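Enquirer: Below you'll find the structure I mean.
The values are calculated or read from the model by the stated rules, or taken from the named source; none is laboratory data. Only a predicted model underlies this, so the values are computations on that prediction, with no experimental measurement involved. Here the Cβ positions follow ideal geometry from the backbone for every residue, glycine too, while neighbour counts run over all protein chains shown. Side chains included, ligands, DNA and RNA excluded: accessible areas come from the protein's heavy atoms. Shrake-Rupley method; radii C 1.70, N 1.55, O 1.52, S 1.80 Å.
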Amino acid sequence: MNLDWTVAWQYRFMLAEGVLVTVLLTVFTMAIAVPGGIVVMLARQSRFAPLRMAGTAYVEFFRNLPLILLVYWAFYVLPMIVDIQLSPFATGLVALCLNVSAYNAETFRAGVNSIRRGQHNAGLALGMSQWQVMGRIVLPQAVRRILPVLASTWVSLFKDTSLVSVIAVGDLAHNALQIRSQTFRVLEMLTVMAAIYWCLGYPQAKLVDWMHRRFGVSE
Amino acid sequence: MTAYARIGAGTQPVIVYHEVVKRYGSFTALDRVSGQVNRGEVVCLIGPSGSGKSTLLRCTNALEPFDGGRVLFDGVELPRAESEARHVRRRMGMVFQNFELFPHMTALDNVAVGRVTVLGEAKAAARKRARSLLAKVGLSDKEASYPATLSGGQQQRVAIARALAMDPEVMLFDEPTSALDPETIGEVLNVMKQLADEGMTMVVVTHEMTFARRVGNWIIVFDHGRIVEEGPPAQIFDRPREQRTKDFFSHLGWGG
Ligand SMILES: Nc1ncnc2c1ncn2[C@@H]1O[C@H](COP(=O)(O)OP(=O)(O)O)[C@@H](O)[C@H]1O
Ligand SMILES: [Mg+2]
């Protein structure tokens, strides 16, 4: 078999660009989906029933759809509903945020529920409002507890961003597959792509393991 | 009828309970409880566990909504709306059986956070106040410690300082020493005694009969969500009238 590994070097800028887009997608998605998850979680805990139902519906809907379907949906259907043409990057970002926010909402809910009722009462007894109790007492403790779970979500997300390649977002997967179809170097490009994902993903996974050990079993 | 001059008698009571009813489903936790707490009094609530003492305390500062009757604080009926309840709660301090210190804050910030968050006081001023309160409960050297590194008795003293930081008009204690190792109970009771000597109005749920007898001015005996009898310590402990009070004391191994 005739292997030519120099294609990876030849196309290094395209690959680097892909890595950058993958990282940016991951960072932006998490930057939006963490506050997004908190908002959805708060909606689900609201005393206002319609808001509560909307929050639950959101979570149950987006958590149970395959991500790739969301990506296609955001690409083909969303522009028909809201009359704006988003870039492929923004479209992919929307799909990822819808999905990850739903997951994060559940994570935050579990974290908040794990804080004893007595902590809540201690805040209220000082005269704090429900919001102050949430912001000063419950959330800071909950976040510490769920940090390892959020980190795991991050690592999955990093790999799952590859799904947006189907709508021509120039992420690592998309660019690598582009190079493959231009050069017909299938084995080389798939191997290189795997190597890059692995080299970036492995340290993150190790970091998560460390966080699980460090923060996982507190109290 | 009463042969004893109750402290604060004749002045407006700090707290009045009027036929308070609390139900959990079909279970009646408080069954038409009436009574009062006068200014400067140390009222001790005693009785078997499950008799409704904690429930009454939580109804006192509106942490628990109740189903019937009225609670008056400083002559004004407790508001039903949560948004108004907080204005009443900040005038009452509460100390819990399990301390409930905020584990992500230092001892100093535990004491200061109420003034900063609720009163909107500047952080520096709140901390200054917190410092003097930690000194008052004998914990000046623990300002920077996190709750997890403190003993139970130290944690409970921080919790008392935290409640005092809001300059409450009354302090509510729910079994403040029940979760403590025997050797640290004394340090907490001493702080409470000191507060009582300073004239603080206190409602104390306790199983510490020695404390109730020595520090309490008025004893209320609870059973099955009702007040069995009430009176000054000398009467309740030496000459209880009700059989259920006597049963409770003999169950505790206390006197006759
Ligand atoms: N949130 C609740 N739901 C149902 N029952 C409760 C709840 N809180 C307290 N109770 C019941 O009410 C009764 C009185 O409880 P409590 O006030 O805690 O008693 P005490 O403090 O005197 O030990 C108990 O029988 C308890 O099981
Ligand atoms: Mg109790």
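Enquirer: For the range A:9-215, with only Lys/Arg (+1) and Asp/Glu (-1) charged at the beta-carbon, what is the dipole magnitude about the Cα centre, in debye rounded to 20?
Expert: Result for the range A:9-215 is approximately 920 debye, rounded to the nearest 20.
Enquirer: Suppose a student asked you for the relative contact order of the range A:9-215, using Cα pairs under 8 Å spaced at least 6 residues apart; what percent would you report?
Expert: 29 percent
Enquirer: Amide H of B:Glu229: which non-local residues (sequence gap of 5 or more, or other chain) have their own amide H closer than 5 Å, using H built in the peptide plane?
Expert: HN-HN under 5 Å from B:Glu229: B:Val221.
Enquirer: Compute a Gaussian network model of chain A, connecting alpha carbons closer than 10 Å, and tell me which residue from A:Phe28, A:Phe184, A:Phe158 fluctuates the most.
Expert: Its mean-square fluctuation being the largest, the pick is A:Phe184.
Enquirer: Relative contact order (percent) for the range B:128-256, with alpha-carbon contacts under 8 angstrom and 6 or more residues of separation? Numbers along the way, then the final one.
Expert: On the way: 120 pairs, mean separation 20.9, N = 129.
Computed value for the range B:128-256: 16 percent relative contact order.
Enquirer: While we're here: Could you state the per residue volume, in Å³, of the convex hull enclosing the Cα atoms of the range B:105-256?
Expert: 126 Å³
Enquirer: Quick one: grab the alpha carbon gyration tensor of the range A:9-215, order the square roots of its eigenvalues as a ≥ b ≥ c, and give me rounded if a/c is under 1.5, else prolate or oblate depending on whether a/b is larger than b/c.
Expert: Cα axes put the range A:9-215 in the oblate bin.
Enquirer: Evaluate the Kirkwood expression for the hydrodynamic radius of the protein assembly as shown, namely the inverse of the mean inverse distance over all pairs of different C-alpha atoms, and round to one decimal in Å.
Expert: For the protein assembly as shown, inverting the mean 1/r across all distinct Cα pairs yields 26.4 Å.
Enquirer: How big is chain B along each principal axis, measuring the range of its Cα positions in Å and listing the largest first?
Expert: Answer, in whole Å and largest first: 53, 42, 38 Å.
Enquirer: Given the pairs B:Lys128/B:Lys193; B:Lys22/B:Lys246; B:Lys123/B:Lys193; B:Lys136/B:Lys193, which span a C-alpha to C-alpha distance of over 22 angstrom in this model?
Expert: Over 22 Å Cα-Cα: B:Lys128/B:Lys193; B:Lys22/B:Lys246; B:Lys123/B:Lys193.
Enquirer: When the convex hull of the Cα atoms of the range B:24-80 is projected onto a plane and the area is averaged over all directions, what value comes out in nm²? Mind showing how you got there, number by number?
Expert: Numbers: hull surface 17.9 nm².
For the range B:24-80, averaging the hull's shadow over all directions gives 4.5 nm².
Enquirer: If you split all Cα-Cα distances of the range A:96-219 into 5 Å bins from zero, what percentages do you get per bin, shortest first?
Expert: 2, 10, 15, 15, 14, 11, 9, 8, 6, 4, 3, 2, 1, 0
Enquirer: Have a look at B:Gln243, B:Gln97, B:Gln235 and tell me which one the Gaussian network model of chain B (Cα, springs below 10 Å) gives the largest fluctuation.
Expert: So, out of B:Gln243, B:Gln97, B:Gln235, the one fluctuating most is B:Gln243.
Enquirer: Check which residues have an amide H placed less than 5 Å from B:Val170's amide H, if you skip close sequence neighbours.
Expert: B:Gly93
Enquirer: Further, regarding this structure: Taking 7 Å along the Cα-to-C-beta vector as the label spot, tell me the B:Arg80-A:Arg117 distance in nanometres, rounded to one decimal.
Expert: That separation, rounded to one decimal, is 2.2 nm.
Enquirer: Hydropathy first: keep DSSP H helices in chain A averaging at least 1.6 on Kyte-Doolittle, then drop any whose Cα extent along the axis falls short of 15 Å, and list what survives. Before the final figure, lay out each step's value.
Expert: Working: long enough: A:12-44 (46 Å, 1.77); A:49-63 (21 Å, 0.29); A:88-113 (37 Å, 0.64); A:139-160 (29 Å, 0.56); A:172-183 (16 Å, -0.33); A:186-215 (42 Å, 0.50).
Both cut-offs are met by A:12-44.
Enquirer: While we're on this one: So what's the angle, to the nearest 10 degrees on a 0 to 90 scale, between helix B:123-136 and the longest Cα principal axis of chain B?
Expert: Between the helix axis and the principal axis of chain B, the angle is about 50 degrees.
Enquirer: Helix-only estimate, please: 222 nm mean residue ellipticity of chain A, summing -39500 (n - 2.57) across DSSP H runs of length 4 or more and dividing by its residues, to the nearest 500.
Expert: When only DSSP H runs of four or more count, the value is -25500 deg cm²/dmol.
Enquirer: Another question about this same structure. With θ set to phi - 60° and the Karplus curve 6.51 cos²θ - 1.76 cosθ + 1.60, what are the ³J(HN,Hα) couplings of the range B:29-43 in order, to the nearest whole Hz, using x for Gly and Pro?
Expert: Here the 3J(HN,Hα) series is 7, 10, 10, 6, 8, 10, x, 8, 10, 8, 5, x, 7, 10, 9 Hz.
Enquirer: As a test of the definition: with a 1.4 Å probe, what buried accessible area, both sides summed, do you compute for A against B, in Å² to the nearest 100?
Expert: 1900 Å²
Enquirer: Treating only the Cβ atoms of Lys and Arg (+1) and Asp and Glu (-1) as charged, compute the dipole magnitude of chain B about its Cα centre; round to the nearest 20 debye.
Expert: That gives chain B a dipole magnitude of about 420 debye.
Enquirer: Now for a separate question. Over 21 Å, how big is the tail of the calculated P(r) for the range A:94-166, in percent of all Cα pairs?
Expert: I get 39 percent for the Cα pairs in the range A:94-166 exceeding 21 Å.
Enquirer: Divide by every residue of chain B the summed helix terms, -39500 (n - 2.57) for each DSSP H run of at least 4, and state the resulting mean residue ellipticity at 222 nm, rounded to the nearest 500 deg cm²/dmol.
Expert: -10500 deg cm²/dmol
Enquirer: Ordered by residue, what ³J(HN,Hα) values in Hz, to whole numbers, does the range B:46-54 give under the Karplus form 6.51 cos²θ - 1.76 cosθ + 1.60, where θ = phi - 60° and Gly and Pro are x?
Expert: 3J(HN,Hα) across the range B:46-54, in whole Hz: 10, x, x, 6, x, 8, x, 5, 5.
Enquirer: Kindly write out, for the range B:58-65 in residue order, the coupling ³J(HN,Hα) from the Karplus curve 6.51 cos²θ - 1.76 cosθ + 1.60 (θ = phi - 60°), rounded to whole Hz, with x marking Gly and Pro.
Expert: Rounded to whole hertz, the list is 5, 6, 5, 10, 6, 6, 10, x.
Enquirer: GNM, chain A, Cα, under 10 Å: largest mean-square fluctuation among A:Ile196, A:Ile81, A:Ile137?
Expert: Residue with maximal mean-square fluctuation among A:Ile196, A:Ile81, A:Ile137: A:Ile81.
Enquirer: Can I ask one more? Just checking the output field for B:115-121: average partner chain Cβ neighbours within 10 Å of each residue's Cβ?
Expert: Working: counts 1, 1, 10, 6, 2, 0, 0.
Shielding by partners across B:115-121 averages 3.
Enquirer: Just how large is the dipole of the range A:31-147 about the Cα centre, in debye to the nearest 20, putting +1 at every Lys and Arg Cβ and -1 at every Asp and Glu Cβ?
Expert: So the magnitude is around 640 debye.
Enquirer: Once Lys and Arg get +1 and Asp and Glu get -1 on their Cβ, which of B:Gly50, B:Ala112, B:Val204 lies farthest toward the positive end of the dipole of the protein assembly as shown?
Expert: B:Ala112
Enquirer: Just counting partner chain Cβ atoms within 10 Å, what average do the residues of peptide A:205-214 show around their Cβ? Intermediate results must be reported in sequence, preceding the final value.
Expert: Details: counts 0, 0, 0, 0, 0, 0, 0, 0, 0, 0.
Across the residues of A:205-214, the mean count of other-chain Cβ atoms within 10 Å is 0.
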